[in-house]
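The numbers here are math on the coordinates, done by the rules we state, and not lab data. If you're wondering where the values come from, they're calculated on a predicted model, not measured in any experiment. When we count neighbours, we look across all protein chains shown, and the Cβ atoms used for this are built from the backbone with ideal geometry, even at glycine.
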Number of protein chains: 4
Amino acid sequence: MGRKQAFTKSELLDQTKKLLIEHGYEGFHLKLLSGNLVGARSTIYQYYANKEEIVAACMKRAMENVLQKASAIGETDCMEALQQLLTVYLEEADFHQLLGDAHKINKANSSAAANDIEFVDQAHTTLKKQLERLFVLAQQEGHLNTSIPLPVVIGVFFNLIDTPNMMNIPTPQWSKLLFQMWLGGAGRR
Amino acid sequence: MGRKQAFTKSELLDQTKKLLIEHGYEGFHLKLLSGNLVGARSTIYQYYANKEEIVAACMKRAMENVLQKASAIGETDCMEALQQLLTVYLEEADFHQLLGDAHKINKANSSAAANDIEFVDQAHTTLKKQLERLFVLAQQEGHLNTSIPLPVVIGVFFNLIDTPNMMNIPTPQWSKLLFQMWLGGAGRR
Amino acid sequence: MGRKQAFTKSELLDQTKKLLIEHGYEGFHLKLLSGNLVGARSTIYQYYANKEEIVAACMKRAMENVLQKASAIGETDCMEALQQLLTVYLEEADFHQLLGDAHKINKANSSAAANDIEFVDQAHTTLKKQLERLFVLAQQEGHLNTSIPLPVVIGVFFNLIDTPNMMNIPTPQWSKLLFQMWLGGAGRR
Amino acid sequence: MGRKQAFTKSELLDQTKKLLIEHGYEGFHLKLLSGNLVGARSTIYQYYANKEEIVAACMKRAMENVLQKASAIGETDCMEALQQLLTVYLEEADFHQLLGDAHKINKANSSAAANDIEFVDQAHTTLKKQLERLFVLAQQEGHLNTSIPLPVVIGVFFNLIDTPNMMNIPTPQWSKLLFQMWLGGAGRR
DNA sequence: CATGAATGAGGGTTCATTCAT
DNA sequence: CATGAATGAACCCTCATTCAT
C-alpha cells in the first residue's frame, strides 16, 4: 500500500558514504544528500530520525562489510592472512577515512546513533585484535625485521591503505604490490 | 593613538592552522577562530576579506615554509636528499592533511584566495618535480628495486608522511625509522 | 468488501477533545491525533478536509451537548434553574476552556469550519441570553444583592466553572458547593 | 562601542509575555516575536540562547514582580492582607495563565531555562504558603463560613483572578468588588 | 582601527496535506 | 476506502558578514 518509495535505505546510505568522503563530516548536509537522491529533503526523515543517525548507520554498514570479510579470512598462514586482510581493507579503503569522524557524532541526540557508534567501536577493537594477533604470529615465526618496533610495523602497514592508487591498478594486484613493498622495501635487494 | 592592536596576522594564521588541523576545513568557523584569539570576530575582517582568504593564506604560508626548507636541500646524494626531504615533510606533517582541502575553497568569492591557492598548486608541482628528480636519480644509481613501478614507489614514500607516530618518537629518529622501513621493508633481511 | 473502517467520526472527535484539553489548540497535532486512534494519519482526511474543520466540528459537538442539556432546564424557579445550569456547565467544564480557543481557528481555510464556528458563536449567545434571563429574574425576585452590578454577578458565576476541583468532589455536590459559595459567600453568616 | 541595540531585553520580554498570553506556549514563535520587535529574528539570539530561555526568563520576571509585591504585604490583619493580595494578583492577572505552561518548557535544552523554572516553582510554593497562612488565620479568627472546606474557599478565591473584567472597572475597585462578592456572596444579605 | 550589535542566508527538523497503490 | 510514502512550508538555530559607534 501507499506510494512506492522514492529511494531505498541502501541508496540513501550509498550517497551518504560518497558525500561524507567527499565533504567530510562537517561538510555533509541533508540538502546535499537529498540533492543526490530523487526525493525531497524531508523524505529522508522517513528513514532516519536525524542527521546523526544517518551518518552512524552509514558507518555501521561500512564496518559490517569489513568485519564480515575480515572474519572470513583463515589465520593459519599469518603472512597470507595479512595479505588478504590488506586486500579487504583496500576494497573498502574509503571506509577508513569515514571512521575517523565517528567520534564527532553527537550521540546525545539519538540513541540509535549511539548504538551504531558503539557497534563500530567494538568492531574496531575486534579488527585491531585480529591484526595484532597476526603480527605477533608473524614476528614469532621470524617473518619480520626485529630491528623495527612492532607498533611502527603495524602503523606503516595500516597506513598503506591510504596510498593513492594513481595508476588505477586493479585492487588484487594493487594489494600484492603494496604488500610486497611493505615486506621487501623499495630498495634493491 | 587608537586602540591597541588586537592580534597580528601571524597569530591569526597560527590559530587558523591549528583549528584547520583539529576540525578540518568544513569544521573551521570564524567564531572558533576569534574564540582562540584576543579580539573580536569582526576584527578578523581588518586583515582578510572573508573566510576563504584566511584559509588560503594559511595554506600558502605553510607551503612557503616547506618550499623553503625543501629547496635548501642539496641534491648531490639523492638517497641522503630523500631522507632529508622526508624529515622536512614530517616536520610539517599536519600541513599535508591541510592541502587535501585546498580544492574545497570557493575561489569565486575572492581573487586573493584564488591567487594563494594558485601559488600552492604551483609549489606543489615544484615539490613533486624535486621528488621525481631524486627518484629518477635513485633508480639510475641502482638504489631501487626495479620490479616496482616508480610511481608506486613514490606514492608509498609520500604516504609515509601520514603514518601516525603513536609512540611519539622524535621527528629526526621517526624520519630515519620510516625511511629505513620504506627502503628495506618490514620483512627479515 | 474493502478494508475495515479504521475509526469512526465520533471516536475521532472524542480523541480530538481529549487532546485539545490536554495540549491546547496550538499544541494539537494531527500526528498526535492519529497516534491516539487505530488508523493512519491520512485516513483522517476521509472525514475532514483539514485540521481546522476537525477542531471546529469538535467544538460544535461539545456545544450541541451543552445546548441540549441547558435548553431542557425548566426556568420557572430561577434559582433552581441557575443551580441546574451550573451543574450542566460543570459536567462539560473542559469544554469551557476549549471555546476560548475558538477564535484562533483560521476560518479562511474552510467554509465548513467557518460554519461550525458560526454555530458555536450563535449557541454561545443563546446560552448567554438564557443566563441573563435567569439573572434578571433572580434580581427581580429579590434573590440578589443589589449593591453588585449584574454583569459582575454573572461574570463571577460563569467563572466558577473553571474552579479546580482539587478534592475531586463528585460533580452534583461540587455544583451545590460552588453555588452555595457564590450565593452566600465565603464569610461567616 | 558597536551599534546601538535594536531593542532591550525588557522590551523583548514584554512582547514575549504579550504573545504567550495571546497565543499560548505552543503558539509562541520567534518569528512572531521578532515581528513584534524592531529587529531581525536572529537578533533575538544576542539576548537568549534559545526559545526556552526566553519563555523561562519571561516567566521568572513575571513571578519576581508578583513575589515582590506580595512579600511587601503586612499580614497582621489577615482579611486586609487577603484583599491586598487579590489586588496584587489582579494587577498581574495574565501572569496566572502564563505559569500554567511553565512545565511545558523543555529544560533539557538549556540550563538557564531550567534554573529560571526552578525559581518559578520555588516562588510558587512561597506564594501558596502565604495564602494558606492567611486563610488559616482567617478561619481561626472566625471570618469564614465553617461549613465550606478550606481548600474550596481557597480555590474559589484564587479563581477570582481570572474573572473577566468586562466593564473595565479600575483594578483597585475591581479587586474590592470581587473580594466583597467572594466574602459576602451574590445573594441578598 | 577595534568593536559589539544586526542581519540574511542556509541547514535541521516537524507537520499538515497530497498522492498513488 | 485505507494507507504508507512524499513533500513544501514553516520553524529553530548558527554563522559569515556588514554596520555604526
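The table for this structure:
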| read-out | value |
| --- | --- |
| Label point 7 Å beyond Cα along the C-beta direction, distances from B:Thr146 to other copies (nm, shortest first) | 3.5, 12.1, 13.0 |
| Neighbour-count order for A:Tyr47, B:Tyr89, fewest beta carbons within 10 angstrom listed first | A:Tyr47, B:Tyr89 |
| Separation between Cα centres of region B:132-152 and region B:18-69, rounded to whole Å | 38 Å |
| Residues whose placed amide H lies under 5 Å from that of A:Leu144, excluding near-sequence neighbours | B:Arg188 |
| GNM flexibility winner over chain D from D:Ala40, D:Ala70, D:Ala112 (Cα, springs under 10 Å) | D:Ala40 |
| Hz values of 3J(HN,Hα) by residue in region D:41-48 - Karplus curve (6.51, -1.76, 1.60), Gly and Pro given as x | 4, 5, 4, 3, 6, 6, 9, 9 |
| Distribution of pairwise C-alpha distances over region B:62-168, 5 Å bins, in % | 2, 10, 20, 22, 18, 13, 9, 4, 2, 0 |
| Sequence of D:Thr171, B:Thr163 once ranked by neighbouring C-beta atoms within 10 Å, starting from the fewest | D:Thr171, B:Thr163 |
| For B:Lys129, D:Lys176, order by how many other beta-carbon atoms lie within 10 Å, fewest first | B:Lys129, D:Lys176 |
| Peptide-level mean, for C:157-164, of C-beta atoms on other protein chains within 10 Å | 4 |
| Cβ-vector label at 7 Å, B:Lys9, separations to other copies in nm | 4.0, 5.4, 7.7 |
| Prolate/oblate/rounded label for the protein assembly as shown (Cα gyration tensor, a/c 1.5) | prolate |
| Dipole magnitude of region D:51-184 about its Cα centre (Cβ charges: Lys, Arg +1; Asp, Glu -1), debye to nearest 20 | 120 debye |
| Coordinate range along principal axes, alpha carbons of region B:1-47, Å, largest first | 39, 17, 15 |
| Average Cα contact separation per residue, chain D, under 8 Å, 6 or more apart, as relative contact order % | 23 percent |
| Residue (of B:Ser175, C:Leu131, C:Ala112) at the positive-pole extreme of the protein assembly as shown, dipole from beta-carbon charges | C:Ala112 |
| Pseudo-label separations to other copies for A:Thr76 - Cα-to-Cβ vector, 7 Å, nm | 5.8, 10.3, 10.8 |
| Calculated [θ] (222 nm, deg cm²/dmol) that DSSP helices of n ≥ 4 give over chain B, each run adding -39,500 (n - 2.57) | -20500 deg cm²/dmol |
| Mean separation of Cα contacts under 8 Å (6+ apart) over length of region A:79-189, as relative contact order % | 47 percent |
| Evaluated over chain B, the Cα radius of gyration and Dmax, each in Å | 19.4, 70 |
| Residue of chain D nearest the D-to-A rotation axis [by Cβ], rounded angstrom distance | D:Ala108, 4 |
| C:Ala72 versus D:His29: modelled label distance in nm, points set 7 Å from Cα along the beta carbon direction | 4.3 nm |
| Region C:1-82, relative contact order in percent, only Cα pairs under 8 angstrom and at least six apart counted | 28 percent |
| Residue of A:Ala123, A:Ala93, A:Ala72 that the Gaussian network model of chain A assigns the largest fluctuation, springs spanning Cα pairs under 10 Å | A:Ala72 |
| Gaussian network model of chain C, Cα within-10 Å springs - most flexible of C:Ile117, C:Ile148, C:Ile161 | C:Ile148 |
